[in-house]
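**Q** The structure follows.
Only the coordinates and a few stated rules stand behind these numbers; no lab work does. Quick caveat, the model's predicted, so the values are computed rather than measured. Methodologically, a virtual Cβ is constructed for each residue, glycine included, from the backbone with ideal geometry; neighbour enumeration extends over all protein chains shown.
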Amino acid sequence: MSRTRIDPVLRALPAWLVPLAMLAVTEFAMRASGIESDGLARPSEVATALLGLIGNGEIVLRTAETIGAVTIGVAVGGTLGLLLGVWMGLSPTAARLASLTVELVRPIPPVAIIPLMMLIYGLGIKMEAAIIAFACFWPMLLLSRDAVLGVEPQLIEVSRMLGLPRRQQITKIALPAALPRIFAALRLTLGIALIVAVTTEIAANPIGIGYAIISAGLSLRPEVMYAFLFWLAILGWLLNTGLVAMHQHLFGAAYGEAPR
Amino acid sequence: MNQMTSRFAPSAAACAVPAIAFDKIRLDLGGKCVVDDLSFSVAPGEFACVVGPSGCGKTTLLRLVTGLLSPTRGTVHRLGAFVGGPSPDVAIVFQDYGRALLPWRTAAGNVALALEAMGTPRLERAARAAALLDKVGLAGHGDKYPAQMSGGMQQRVQIARCLAQEPRILLMDEPFGALDALTRQALQDEIAMLVRDSGATALFVTHDLDEAIYLGDRVFALQANPGRLAQVIDVALPRPRDQLGTREQPEFLRLRHVLFDHVQNTH
Amino acid sequence: MNNWLLRAGSILLTSVVLLLWQLVTATGLVRPIFMPTPAATFVDLWRGLTQGDLLALTMSTMQRMIFGWLLASLGGVLLGALIGLSSRARYWLSPTLELLRPLPASTLLPVGIALFGLHPQMLLGIIAFGAIWPVLLPTIHGFSSIEPRLREVAKTLRIGPLAFALKFGLPNALPDIIAGMRLSLTACLIITVVGEMITAQQGLGSTIIMAARSFRSTDLYAGIVLLGVVGAANNALLGLLEIGLTPWRTART
């Protein structure tokens, strides 16, 4: 078991030289050619800038702003979506009744809500959280509905044969069976939330990592821009890897492999 | 008995060059010896069946003939030539028809795949594919996708695709193993006829002893771990065979007994 | 319950929502600056489309989105096919792709602006480049996940590498490609709108943010409704594409 887990990591190791080599080539080429650009920075400069950002605490501040907005947004939008989604999954009639309204509102791209929330809340963490909540509501609603609908019909039949009352059918059979897929939905939703947060910050909202990236770019400090970009990639990767590991830990034994 | 000998009598000279010849084959896969010291040959036009317990390397033998695998030691010859790789002369019917058909092509399209590979002119393909589907009893089903067909129908498509190659050697890897009993019997009779009409040499792998005796001119029984040849049985039952009559003949029952005893003993 | 009854109920619910919207806004419960009445919104939308330049703005946004999407799809499929068919390329490139994947496409906008400055081709290039990822990764998966048995079929039939890519790889990857193209189109719409917002290039994105800044809320709502329509049209288009291109998945006995 442990061997199969370690092996792919070890085998992939040489391939990790590719991004490193690309960085080295960039560094070397830029040093050799002496290019000075407002849009490019040597990897070594980016590393220095990153250390500086860690040193003066700016990276922590910016990250806290973005993560704060993500947390509030997912808590509000995700919870609402989850509750309505589970309800729709349990009651097909409710799902059918809401279908037209859902189909009309869902296609609105979350970024279109940015100006509206600016109008209502002004700039700041509140408007960003509201946009994230809107963006997270739909995937959570649809995925948790599908999670409940996807519960093995035989399980429901078993619960009926056992003579469980409706309430216990839901709490003891339907919800536990849907749980892994609901968690997977949460994982996807968190990924979307991070993207929407950064996008909102880039488009309009002067807080968080997104704003740090675009303001560094506009004020001609490419090394800071790339440092934040690098950090954002790490953050996104950590988020996904952490959630996959958590999924495995929570449901691995009972439900099998986590979908990636 | 006489029928069998008469069938081979005219080609006695050709028997000098077997259609398939395994010579002292040894095959290691993943550090494990799968087949060891295996030698036998199949005459042109012969219908040879291979039986044996799982893990005796039955499927491996077919792969060696296709050239998808090479032996660790020993040689495989096909129609007198050393096997270097796949050839249009050799077609193989896989057991898992669900995986061996292109799901995005219709029945006719799947048969046409072989025609395309053979370089059949574009204009002739449709008619040829239709004729081949007709031959395997699928007339009028040409525009169905595999997902729309039953297992038996899908396996017929695979057989038609193999026939499209006009192979001189037809390999079959437990082709009817996943089918229900009635479909299996129908397909057994059809494949016997199709092989006889085409004059191809057949190497048929199965775990079903009755099926091996019913179809084969000879049955090769293998033993497992590592795979070795354990016994060869000549099936002297007259052709054409039929599901009821043949299976009730004393000779059939005797061969069945012999094979069954053998399988019991090697386990 | 009856099918028709449910459908009627679904329409009724939407009407109730619209009615509630009309009620809370017309009675002054919500200030019209935050939320104009639906009637005012649709009148404004109609006037903007027939007399104003709303139609032209929508077209300019859609043009950018579609061009970017086509470029991204083409690039993603070609590149994905090359990587997907070669296990060696897959091995060497997957960590790099894995590193780049979590970056939101919109972060390309600041990079593009810093590198190339503000001009229309830059925006189109960023849309295409940002939207390539959702196509590229599923395409790689689609080309590399060909059933091993089918690889053997191709070998026994002695099918060459190009024919294998076209007859086995492409159809096998097509469902993944279409799913990727769906995500890619959504990404294109998002990057287009955000790009227009930042660079103030003509389009719905710049229009709605200007409307919000000058507190013209009916214009803002009209723009949001239009973007919703574009989003819905995208979904419908991809649905048709899916049925048209992968008939074997929708065909049933």
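**Q** Just for segment C:1-36: of the residues that are closer than 30 Å to A:I120 by Cα and among the polar types (S, T, N, Q), which one is surrounded by the fewest Cβ atoms within 10 Å (Cβ to Cβ)?
**A** This residue is C:T27.
**Q** Hey, another quick one. I'd like the full set of residues that are out of contact with any Phe, Trp or Tyr (no Cβ under 7 Å at 6 or more places or on another chain) and surrounded by fewer than 18 Cβ atoms within 10 Å (Cβ to Cβ), limited to segment C:145-164.
**A** If the condition is that a residue be out of contact with any Phe, Trp or Tyr (no Cβ under 7 Å at 6 or more places or on another chain) and surrounded by fewer than 18 Cβ atoms within 10 Å (Cβ to Cβ), then C:S145, C:E147, C:P148, C:R151, C:K155, C:R158, C:G160, C:P161, C:L162, C:A163 are the ones that fit.
**Q** Using the structure shown, decide if C:G195 is closer than 23 Å to C:V135 by Cβ, in contact with an Asp or Glu (Cβ under 8 Å, 6 or more places away or on another chain) and within 14 Å of chain A (Cβ to nearest Cβ).
**A** No.
Each row is one residue, and each column tells you yes or no for (1) crowded, with 22+ Cβ neighbours inside 10 Å; (2) within 10 Å of another protein chain (Cβ to nearest Cβ); (3) small (G, A, S); (4) free of Cβ contacts under 8 Å to residues at least 24 places away in the same chain.
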| residue | (1), (2), (3), (4) |
| --- | --- |
| C:S86 | no, no, yes, yes |
| C:Y91 | no, yes, no, yes |
| C:P95 | no, yes, no, yes |
| C:L100 | no, yes, no, no |
| C:A114 | yes, yes, yes, yes |
| C:I126 | yes, no, no, no |
| C:P138 | yes, no, no, no |
| C:G142 | yes, no, yes, no |
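**Q** Only one of C:L49, C:L6 is part of a helix (DSSP H, G or I) and within 14 Å of chain A (Cβ to nearest Cβ); which?
**A** None of the others qualify; the one that does is C:L6.
**Q** Still on this model: Consider segment A:139-165. How many of its residues are part of a helix (DSSP H, G or I) and either in contact (Cβ under 8 Å) with a residue 60 or more places away in the chain or touching a helix residue (DSSP H, G or I) at 6+ places or on another chain (Cβ under 9 Å) (or both)?
**A** Counting residues in segment A:139-165 that are part of a helix (DSSP H, G or I) and either in contact (Cβ under 8 Å) with a residue 60 or more places away in the chain or touching a helix residue (DSSP H, G or I) at 6+ places or on another chain (Cβ under 9 Å) (or both) gives 16.
**Q** Suppose we keep only residues that are more than 7 Å from chain A (Cβ to nearest Cβ) and without any contact (Cβ under 8 Å) to a residue 12 or more places away in the chain within segment C:221-235. Which one would you say is farthest from C:P32 (Cα to Cα)?
**A** C:A233
**Q** Based on this model, can you work out whether B:A212 counts as out of contact with any Lys or Arg (no Cβ under 8 Å at 6 or more places or on another chain), hydrophobic (A, V, I, L, M, F, W, C) and surrounded by 17 or more Cβ atoms within 10 Å (Cβ to Cβ)?
**A** The answer is yes for B:A212.
**Q** Just one of the numbered conditions (1) outside any helix (DSSP H, G or I); (2) crowded, with 17+ Cβ neighbours inside 10 Å is not true of A:I202; which one?
**A** Going through the list (1) outside any helix (DSSP H, G or I); (2) crowded, with 17+ Cβ neighbours inside 10 Å, A:I202 breaks only (1).
**Q** For segment C:152-166, give me each residue that is more than 8 Å from chain B (Cβ to nearest Cβ) and part of a helix (DSSP H, G or I).
**A** C:A154, C:P161, C:L162, C:F164, C:A165, C:L166
**Q** Answer yes or no: is there a residue in segment B:58-78 that is within 12 Å of chain C (Cβ to nearest Cβ), part of a helix (DSSP H, G or I) and touching a helix residue (DSSP H, G or I) at 6+ places or on another chain (Cβ under 9 Å).
**A** yes
**Q** I need the full set of residues from segment A:110-143 which are buried (at least 23 other Cβ atoms within 10 Å of the Cβ), touching a Ser or Thr at 6+ places or on another chain (Cβ under 7 Å) and facing another protein chain (nearest Cβ under 9 Å), in order please.
**A** Answer for segment A:110-143, where residues must be buried (at least 23 other Cβ atoms within 10 Å of the Cβ), touching a Ser or Thr at 6+ places or on another chain (Cβ under 7 Å) and facing another protein chain (nearest Cβ under 9 Å): A:V111, A:I114.
**Q** Here's a follow-up. Output the residues belonging to segment C:205-220 that are facing another protein chain (nearest Cβ under 8 Å) and in contact (Cβ under 8 Å) with a residue 60 or more places away in the chain.
**A** C:G205, C:F215, C:S217
**Q** Have a look at B:A178, B:A230, B:A224, B:A236 and point out the one that is of a type in the set (A, V, I, L, M, F, W, C) and either under 30 Å from B:E116 (Cα atoms) or crowded, with 20+ Cβ neighbours inside 10 Å (or both).
**A** Answer to the check: B:A178.
**Q** Here is a further query. Please verify whether segment A:124-134 includes one or more residues that are out of contact with any strand residue (DSSP E or B) (no Cβ under 6 Å at 6 or more places or on another chain) and either closer than 25 Å to A:E45 by Cα or free of Cβ contacts under 8 Å to residues at least 24 places away in the same chain (or both).
**A** yes
**Q** Being touching a helix residue (DSSP H, G or I) at 6+ places or on another chain (Cβ under 8 Å), within 12 Å of another protein chain (Cβ to nearest Cβ), free of Cβ contacts under 8 Å to residues at least 40 places away in the same chain and not in a helix (DSSP H, G or I), is that true of even one residue in segment A:94-103?
**A** no
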